[in-house]
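Have a look at the structure below before the remarks.
The values are calculated or read from the model by the stated rules, or taken from the named source; none is laboratory data. Since the model is a prediction, treat every value here as computed from it, not as a measurement. Cβ placement follows ideal geometry from the backbone for every residue including glycine, while neighbour counts extend to all protein chains displayed.
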Amino acid sequence: MNKTYKKKQQKKRRSLEDDNTIKPITPEDMIRQFNFNYSSVSYQAIMKELDYFFKIQIEQKAGNDTHDYLKVLNGTDFQEPEQRAMYFYKQNRLNNYQVDFPNPRYFKIMMKVDPCRNMGTTDLCCDGSNEAACEDNTSIVSGTDIGIAWLTTGYVLICSDLYQDTKKCGTFIEIHKPNDETIVEELQILTSIASGFSTEFISTKNLCAGRYEFWFILRTRNGSILQHVKPFYSEYPACEIAS
């Protein structure tokens, strides 16, 4: 019975394809699965911009990425550096992390770097606020603890004390170099979801000048899950490598 049903389905699909009712999956269709809107620009132009971004990610270029992506990507889902970075990790799988970026139609994750640098009266000016009240300063000077405001409309995994202390269970924000699984710095989120953004402070004393990323991570018994990527740049210090 199952074989007969399968043959009927295959015959029906071939018939629909012959009638152009359904078409074979194209690269454009694969891009659309990432909520990609390119109605105002060609697929080839988009891929050229993404190929450039992929190249500097794979080569781990340390310099600040000043390429004008908005010239082509403005108005598409890849105009933001977060979307370009997450698409990179969807296409270039990590060895020790699962990649599971949530569908923004169901819940969102947002991160703001040094959110009170210019306008805030305190370092916690972003706490409990919406996006409009929080700055996003993605170019920093390393050496001190820096504020990172985060918001999720999903859930925050908080483990019992027994597992929490092992650092192998819970929700974490990690600092990485692009396309590098080595953890440079990390902090564990111990507060549950609140209204608006919550602010944590993470050390940057081990960061040299160069490109980095904040990774929003769930650590579970089945491994670490990457859920969001926030690129940023450290302007200083230019560390010297001992010979």
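A few notes on this one:
- Residues that are surrounded by 15 or more Cβ atoms within 10 Å (Cβ to Cβ), touching a residue at least 24 places away in the same chain (Cβ under 8 Å) and not in a strand (DSSP E or B), drawn from segment 103-127: 114, 115, 116, 123, 124, 126
- Residue 58 vs. criteria at pLDDT 90 or above and of a type in the set (A, V, I, L, M): yes
- Matching entry among 232, 216, 201 (being part of a strand (DSSP E or B), in contact with a strand residue (DSSP E or B) (Cβ under 9 Å, 6 or more places away or on another chain), closer than 13 Å to residue 141 by Cβ and in the same structural domain as residue 106 (by TED's automatic domain parsing)): 232
- Residues (part of a loop (DSSP other than H, G, I, E, B), on the phi < 0 side of the Ramachandran plot and either in contact (Cβ under 8 Å) with a residue 60 or more places away in the chain or surrounded by 15 or more Cβ atoms within 10 Å (Cβ to Cβ) (or both)) located in segment 160-192: 169, 177, 178, 180, 181, 184
- Counting only residues that are within 28 Å of residue 238 (Cβ to Cβ) and in contact with a Phe, Trp or Tyr (Cβ under 7 Å, 6 or more places away or on another chain), segment 116-142 holds 5 of them.
- Filter result (in contact (Cβ under 8 Å) with a residue 60 or more places away in the chain and closer than 21 Å to residue 204 by Cα) within segment 143-159: 143, 144, 148, 150
- Any hit, segment 143-159, residues being out of contact with any strand residue (DSSP E or B) (no Cβ under 9 Å at 6 or more places or on another chain), polar (S, T, N, Q), part of a loop (DSSP other than H, G, I, E, B) and within 19 Å of residue 232 (Cβ to Cβ): no
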